[in-house]
């Protein structure tokens with residue numbers, strides 16, 4: 001087992017223990033803040049983290065906790081398909097250049113007008129104890145993480161939201177892939193350090 005695998009294994013044991021506590025589900029000790037929690041991981045361990053998320057969801061379901069996982073990459077594809085833009089984007093991708101493609105996708109996948117409403121719809125149609133948000137690294141640079149989380153604050157208030165973040169979260173700063181400093185975001189609790 002390599003170093004990252006050991007770190008990830010320990011992290012997921014701690015996550016399971018923490019999120020199955022009664023106080024966590026009842027949102028105790030949040031001081032009126034939104035129940036958003038970020039757990040960060042080494043970006044190079046993404047594939048292993050994905051398998052551990054899948055395992056964690058199965059383990060939680062077996063223990064009676066219904067989880068809604070929202071993979072932002074899959075959700076983005078669904079949005080593009082619904083807007084009937086996916087085939088066009090694929091067709092013109094090589095012709096329009098990276099900057100035009102990024103601008104088009106950023107507009108189509110705007111956090112406020114596209115992603116957040118789609119998440120709201122998924123939550124409305126699914127009964128769950130908590131929500132897992134995955135795939136943040138896969139939608140970079142089209143969706144800004146801190147802008148998305150800001151827009152979700154009015155949508156997700158009564159259920160814990162666990163964000164799996166490839167990079168680092170200090171409790172104030174998001175650092176995607178440990179390389180790209182995002183806007184300050186301090187409304188989420190760092191799940192890796194809270195007791």
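Normalised by the residues of region 32-190, what does the relative contact order come to in percent, with Cα pairs under 8 Å and at least six apart? Can you show the working numbers first?
Values: 227 pairs, mean separation 60.2, N = 159.
Relative contact order comes out at 38 percent.
Computed with the Debye formula from one identical point scatterer per Cα of the chain, without solvent, the log10 of I(q)/I(0) at q = 0.16 Å⁻¹ comes to -1.07.
The spacing between region 99-157 and region 1-40, judged by their C-alpha centroids, is 21 Å.
Peptides 94-107, 45-58 ordered by packing proxy, namely the average of other Cβ atoms within 10 Å per residue, highest first: 45-58, 94-107.
For residue 17 and residue 112, a Förster radius of 25 Å and the Cβ-Cβ distance give a FRET efficiency of 0.10, rounded to the nearest 0.05.
Suppose the chain between residue 127 and residue 3 were pulled fully straight at 0.36 nm per residue; how much longer would it get relative to their current alpha carbon spacing?
Working: separation 124, 0.36 × 124 = 44.64 nm, distance 3.69 nm.
In short, 41.0 nm is gained.
The distance between label points at residue 91 and residue 59 comes to 4.7 nm (points 7 Å beyond Cα on the Cα→Cβ vector). Secondary-structure-derived ellipticity at 222 nm for the chain, considering helices only, amounts to -13500 deg cm²/dmol, per-run term -39500 (n - 2.57) for DSSP H runs with n ≥ 4. Label positions at residue 51 and residue 138, each projected 7 Å from the Cα along the C-beta direction, are separated by 1.7 nm.
For region 1-109, the spread of Cα positions along the three principal axes, ordered from largest to smallest, is 51, 39, 27 Å.
Since every read-out is calculated from the coordinates, none of them should be taken as a lab result. Note that the coordinates shown come from a computational prediction; the quantities given were computed from them, not determined experimentally. Every residue, glycine among them, receives a Cβ derived from its backbone with ideal geometry; neighbour counts consider all protein chains shown.
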